[in-house]
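Q: This is the structure, below, for whatever I ask next.
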There are 2 protein chains.
Amino acid sequence: MTIRAGILGYGNLGRGVEAAVQTAPDMELAAVFTRRDPKSVKTLTGVPVVSAGDAAAWADRIDVMILGGGSATDLPRQTPEFAKLFNCVDSFDTHAKIPEHFEAVDQAARGAGKLTLISCGWDPGLFSVLRCLSESVLPRGRSYTFWGRGVSQGHSDAIRRVEGVRDARQYTVPVEKALEEVRSGANPELTARQMHTRECYVVAKGGADKEKIASRIRSMPNYFEPYDTTVNFISEEELQRDHQGLPHGGFVLRSGTTGLKDEMCELIEFRLKLDSNPQFTGSVLAACARAVVRMRAMGQSGCRTLLDVAPAWLSPREGAELRKALL
Amino acid sequence: MTIRAGILGYGNLGRGVEAAVQTAPDMELAAVFTRRDPKSVKTLTGVPVVSAGDAAAWADRIDVMILGGGSATDLPRQTPEFAKLFNCVDSFDTHAKIPEHFEAVDQAARGAGKLTLISCGWDPGLFSVLRCLSESVLPRGRSYTFWGRGVSQGHSDAIRRVEGVRDARQYTVPVEKALEEVRSGANPELTARQMHTRECYVVAKGGADKEKIASRIRSMPNYFEPYDTTVNFISEEELQRDHQGLPHGGFVLRSGTTGLKDEMCELIEFRLKLDSNPQFTGSVLAACARAVVRMRAMGQSGCRTLLDVAPAWLSPREGAELRKALL
């Protein structure tokens with residue numbers, strides 16, 4: 001039976017979900033829901049565009065709604081609201097607020113006998129799964145997460161707010177030496193500065209004081225001050241030509257010991273290297289949408305995360321086929 | 001409630017399981033079961049040793065039995081037998097026979113209202129989980145597995161059967177160039193020879209013809225003929241001094257595309273680097289034993305694999321704590 005998915009919100013992430021759903025063998029996209037004027041939105045695959053306000057009328061035609069909104073203002077409101085109407089998947093990624101979001105969604109979904117999977121994507125998401133797996137099989141050890149090389153939207157936005165800046169792109173870059181130290185099994189204590197550097201590409205407004213811009217960026221608390229930050233001034237043309245992609249990725253590592261006397265050292269490393277952060281995240285969300293439909297069919301309701309999802313539930317293949325091919 | 005585990009079979013793997021269970025916060029080891037004379041077996045932690053034939057009498061005192069036997073002759077017989085008496089975990093790793101083993105165990109366990117998790121470890125096991133996750137989130141792509149650098153017991157045994165060989169150790173080594181090619185996103189077709197080399201350390205019997213030994217090893221079908229194989233002759237002392245460990249590990253990689261036109265390339269890489277293969281495998285089995293007890297408490301029975309296990313079930317931590325710490 002084909003899974004009928006909907007998408008709420010049609011930005012980069014929504015388009016990534018669209019591509020993933022439309023190329024999946026067992027899913028189809030019923031509609032895209034938007035808060036904009038539906039006539040102003042043209043989908044990549046010609047799927048109908050519907051006003052978000054009319055979504056409730058689609059409850060019987062959609063098995064799972066995939067939320068493409070942002071974590072700052074969209075999802076805290078949208079996920080609990082839609083969790084009452086649909087089985088949902090979101091990519092809520094404000095780490096510190098996940099417990100609170102979980103509770104709100106859990107209450108909404110349980111009351112309605114629906115199931116929602118939150119914080120899907122790669123971090124939180126696949127990285128969380130890997131942290132859980134590696135901590136569980138290697139309890140005496142230490143976990144590390146490195147991000148990048150990739151574009152951080154939040155840091156790029158922070159630069160854009162500096163006076164005299166027209167546009168900017170910020171790359172988070174893991175420090176190779178720190179990665180190697182972790183891989184060696186040394187279990188180092190690492191500061192923010194030792195783990196990542198920050199590369200900024202900035203288009204200044206005409207006549208702006210570049211020295212001053214660079215110094216303001218470098219001294220920005222939390223965002224840049226705790227890191228070695230490089231500021232490169234480039235032209236608008238260079239920004240358009242060389243920095244339009246949204247690559248990202250990173251590493252989850254756990255180094256730990258086994259044996260009664262901690263005599264052996266074992267290393268687990270997981271890496272993502274993504275040309276397109278939103279397309280990959282969209283692809284994860286599509287697999288999660290499949291899992292939600294299956295878990296709901298098992299009778300589950302309320303809120304869940306990827307930590308509650310068995311790997312087989314993400315796959316379109318049957319159990320016997322998976323065992324034969326992957327074990 | 002503390003999970004009471006038993007171990008059947010007390011070799012390298014059984015000792016690895018013992019160390020993992022005894023250092024886990026939520027588990028205790030009730031007894032070790034052996035087919036040898038129990039008086040002849042001394043455990044690392046002083047746990048009682050019981051004859052395997054008397055195991056049935058322990059059914060009320062053990063929540064999960066962890067099988068430490070080998071896949072060639074022990075587990076095909078033992079797992080279905082013990083699956084009728086206990087919830088069990090095994091590390092059956094003869095890939096081609098897993099479907100058959102699954103059916104036999106499923107029938108035994110379901111009939112008895114017990115649950116058994118088979119083929120736990122890292123390959124099959126964690127590697128299978130990573131293959132499933134990465135294939136599910138990146139359906140249009142290609143998966144690769146590289147093993148090593150590590151000791152292959154099967155290949156070491158094969159060398160020991162060559163005339164004139166007293167003892168031997170074989171290391172499987174991944175070819176760095178092939179790894180890099182996969183990481184580049186080129187999705188290469190790779191032959192066995194292109195992916196791995198084989199390093200042999202051989203102690204010859206006095207007066208044996210070393211040229212002949214080396215040539216016999218290199219030309220052995222399946223085991224060595226399809227690979228570039230190096231044969232090093234060393235002394236018994238060197239073997240004892242430099243080759244007593246059982247390191248292993250490997251890589252699971254998936255490279256695939258996203259977007260409607262396959263326009264973006266994404267890479268997923270998972271790596272294990274293990275000082276002690278049996279201790280790490282024992283540690284995975286212990287985490288799986290925890291999952292089996294939980295899944296049985298949820299009402300599940302029959303046979304399962306790690307593909308059916310949600311990550312959270314492997315962890316001693318509670319759901320809310322996991323979400324706060326790992327998401």
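The values are calculated or read from the model by the stated rules, or taken from the named source; none is laboratory data. What you are looking at is a predicted structure, and each value in this text was computed from that prediction instead of being measured. Note that we place each Cβ from the backbone using ideal geometry, even for glycine, and neighbour counts take in every protein chain shown. These area figures cover heavy atoms from the full protein model, side chains too; ligands, DNA and RNA do not enter into them. Shrake-Rupley method; radii C 1.70, N 1.55, O 1.52, S 1.80 Å.
Q: Quick one: 3J(HN,Hα) in Hz for the range B:219-228, Karplus 6.51/-1.76/1.60 with θ = phi - 60°, rounded, Gly and Pro as x.
A: 9, 5, x, 6, 5, 10, 4, x, 10, 7
Q: Now, a different point. How far apart are the A:Ser219 label points across copies, placing each 7 Å from Cα toward Cβ, in nm, shortest first?
A: A:Ser219 label point versus its equivalents elsewhere: 7.8 nm.
Q: Run through the DSSP bridge list for chain B and note the antiparallel percent, rounded to the nearest 5.
A: That works out to approximately 55 percent antiparallel.
Q: What residues of the range B:268-296 lose no less than 30 Å² of accessible area with every protein chain in place versus their chain by itself (probe 1.4 Å, heavy atoms only)?
A: B:Ile268, B:Glu269, B:Phe270, B:Arg271, B:Lys273, B:Asp275, B:Gln279, B:Phe280, B:Ser283
Q: Then there is this: Among A:Lys212, A:Lys261, A:Lys84, determine the one that fluctuates most according to a GNM of chain A built with springs between C-alpha atoms less than 10 Å apart.
A: A:Lys261
Q: Residue farthest toward the positive end of the dipole of the range A:12-129, with Cβ of Lys/Arg at +1 and Asp/Glu at -1: which of A:Ala59, A:His101, A:Val49?
A: Checking the options against the dipole of the range A:12-129, the answer is A:Val49.
Q: Beyond 26 Å, how much of the Cα-Cα pair distribution for the range B:139-289 remains, as a whole percent?
A: The answer is 39 percent, as a whole percent.
Q: Report the accessible area of A:Lys97, computed with a 1.4 Å probe over the heavy atoms of all protein chains in place, in Å² rounded to the nearest 10.
A: So the heavy atoms of A:Lys97 present about 110 Å² to solvent.
Q: Take the alpha-carbon centre of the range B:74-127, take the same for the range B:272-318, and report the distance between them in whole Å.
A: 13
Q: Which whole-number percent is the relative contact order of the range A:126-274 (Cα, under 8 Å, 6+ apart)? Working shown, then result.
A: On the way: 275 pairs, mean separation 45.9, N = 149.
It rounds to 31 percent for the range A:126-274.
Q: How big is the dipole moment of the range A:126-274 about its Cα centre under a simple scheme where the beta carbon of each Lys and Arg is +1, that of each Asp and Glu is -1, and everything else is neutral? Debye, nearest 20, please.
A: Computed charge dipole of the range A:126-274: roughly 220 debye.
Q: Let me ask something additional. Taking each label point as 7 Å beyond Cα in the direction of the beta carbon, state the distances from A:Lys97 to the same residue in the other copies, shortest first, in nm.
A: 5.5
Q: Could you sort out which of B:Lys177/B:Lys273; A:Lys42/A:Lys84; A:Lys177/B:Lys273; A:Lys273/B:Lys273 sit more than 24 Å apart by Cα distance in this structure?
A: Too far apart for the 24 Å limit: A:Lys42/A:Lys84.
Q: Of chain B, which part is the longest with no GluC sites (Glu not before Pro) in a loop (DSSP not H, G, I, E, B) and with at most 14 other C-beta atoms within 10 angstrom? Could the numbers behind the result be given before it?
A: Values: sites that count: B:Glu163, B:Glu189, B:Glu263, B:Glu318.
Longest site-free region, per DSSP loop and neighbour criteria: B:1-162.
Q: Pairing rule first: another cysteine's C-beta must sit under 4.7 Å. Under that rule, which cysteines of chain B stay single?
A: That list is B:Cys88, B:Cys132, B:Cys200, B:Cys265, B:Cys303.
Q: At a probe radius of 1.4 Å, figure out the A/B buried accessible area, summed over both chains, and give it in Å² to the nearest 100.
A: 5900
Q: For the protein assembly as shown, what % of the accessible area comes from carbon and sulfur atoms, probe 1.4 Å? Please list the in-between numbers first.
A: On the way: 12710 of 26810 Å².
Carbon and sulfur atoms account for 47 percent of the accessible area of the protein assembly as shown.
Q: In Å², what does the accessible area per residue of chain B work out to with a 1.4 Å probe?
A: So chain B comes to 41 Å² accessible per residue, rounded to a whole number.
Q: Using the 7 Å Cα-to-Cβ label point, sort the distances from A:Thr145 to its equivalents in the other copies shortest first and give them in nm to one decimal.
A: Taking the point 7 Å beyond Cα along Cα→Cβ, the inter-copy spacings are 2.9 nm.
Q: Would you kindly give the portion of the calculated P(r) for chain B that falls above 35 Å, as a percent of all Cα pairs?
A: The calculated P(r) of chain B puts 30 percent of pairs beyond 35 Å.
Q: Which residue fluctuates most in the GNM of chain B (Cα springs below 10 Å): B:Ala291, B:Ala56, B:Ala96?
A: B:Ala96
Q: In the Gaussian network model of chain B, springs joining C-alpha atoms below 10 Å, which of B:Val165, B:Val105, B:Val293 carries the largest mean-square fluctuation?
A: B:Val165
Q: Would you be so kind as to identify all helices of chain B, as entire DSSP H runs, whose Cα atoms reach 18 Å or more along the helix's own axis and whose mean Kyte-Doolittle hydropathy is at least -1.0?
A: Correct list, ordered by number: B:98-112, B:277-297.
Q: Based on a Kirkwood Rh over C-alpha pairs, give the Stokes-Einstein translational diffusion coefficient of the protein assembly as shown at 37 °C and viscosity 0.692 mPa s in µm²/s.
A: It comes out at roughly 123 µm²/s.
Q: Taking A:Lys212 as the anchor, which aspartates and glutamates have their alpha carbon closer than 12 Å to its alpha carbon, excluding any fewer than eight residues away along the same chain?
A: Correct list for A:Lys212: A:Glu163.
Q: On to the next question. Pop out a list of residues from the range B:125-141 that are at least 50 Å² less accessible with all the protein chains around than in their chain alone; 1.4 Å probe, no ligands or nucleic acids counted.
A: B:Cys132, B:Leu133, B:Glu135, B:Ser136, B:Val137
Q: Still on this structure, please answer the following. In deg cm²/dmol, rounded to 500, what helix-only [θ] at 222 nm does the protein assembly as shown give when every DSSP H run of at least 4 residues adds -39500 (n - 2.57) and the total is split over its residues?
A: My calculation for the protein assembly as shown gives -10500 deg cm²/dmol from helical runs alone.
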